[in-house]
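Since the structure comes first, as structure tokens, the remarks are kept for the end.
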Amino acid sequence: MVKTITAILFFFASTAWCLAQNTFPSSGNVGIGVSPQDKLHVKGDVRFERLTGGSNFLRIHSDANGSYLTSDDPGTNHKHLTLQVVSPNSESGARHLYFKTGVKGGSMSTRMLIHHNGNVGIGTTSPKAKLAVEGTVLAKEVKVKTDIAVPDYVFEPGYELTTLVDVEAYVKEHKHLPEIPSAEDIEKGGLDLAEMNLLLLKKVEELTLHLIAKEKSEQELKQYLHRLDAENSSFRSQLQVLNDEIRKLK
């Protein structure tokens, strides 16, 4: 009797598994709707919900364009967050990683993208650099490393310092300092912070040399005027003596 009941239960269980297309092979892999190729293999979407409290759920799904990991709260505020791996039609075989958010009644908006070439875009889906940000960036500290030589060579003995007369002539003609990009160039190509900071440092160092030279010139002029004043005082004393002698002769 026991053997008969066991056989009947096994029959119905096997039938249910087959009808549901769920398989449990001896390999230990589990397949839901598919013959499993991994420890857990699911053919179709997967949804995880809380047992009690709240309406949040996590969903793993895919379509012809790519795969998605979606966190959704269908409650009053209806917050939506999606991690999306998509193959654009224009780039066969490429995969981009999209980070999207949205709210109830609105469409999903891409907030960040990791391009298949490694570029990261924040606020843009076509980053042309390793990190492209469409908007402002607030940072506590920014450090930039560069291969550009730091312009301390300005202080080398053989450095030819451009005269201020030549600088003035250049500014009058070009409306910007030598070596500094023009406003038009910056508007077209942007501003290279590392290069610009080093160029500005160079101009500050050159200006410092001009100020040092000016200071030396002023000191030399003061010393000359002091000697000239002393000589004038001596001449005035001698002239006074001559005038006194002339009066005595009279």
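Readers should treat all values here as calculations from the given coordinates under stated rules, not as data from a laboratory. Note that the structure is predicted; figures quoted are calculated from it, not measured. Here Cβ is always computed from backbone atoms with ideal geometry, including for glycine, and neighbour counts include all displayed protein chains.
Couple of notes before you dig in:
- Low-density loop positions, trypsin sites (Lys or Arg not before Pro), the stretch 171-215 - DSSP coil, at most 13 other Cβ in 10 Å: 175
- The order of the peptides 33-42, 114-123 by mean Cβ neighbours within 10 Å, most packed first, is 114-123, 33-42.
- The stretch 138-190 shape via C-alpha gyration tensor axes, a/c threshold 1.5: oblate
- Label-to-label distance, nm, for residues given as residue 116 and residue 221 (7 Å Cα→Cβ offset): 7.0
- Distance between modelled label sites at residue 143 and residue 194, nm, 7 Å Cα→Cβ extension: 1.4
- Theoretical FRET efficiency, 1/(1+(r/R0)^6), r = Cβ-Cβ of residue 212 and residue 173, R0 41 Å, to 0.05: 0.90
- Of the residues 190, 213, 154, the one whose Cα sits farthest toward the positive end of the charge dipole of the stretch 151-249, with +1 on the Cβ of Lys and Arg and -1 on the Cβ of Asp and Glu, is 213.
- Two-site label geometry, residue 162 and residue 129: point separation in nm, points 7 Å out along Cα→Cβ: 2.6
- Cβ-defined net charge surrounding residue 110, 12 Å radius [Lys, Arg +1; Asp, Glu -1]: +1
- Other residues with beta-carbon under 14 Å from the beta-carbon of residue 47 carry, at +1 per Lys or Arg and -1 per Asp or Glu, a net charge of -2.
- Here the extension length gained between residue 46 and residue 248 equals 60.0 nm, from 0.36 nm per residue of separation less the Cα-Cα distance.
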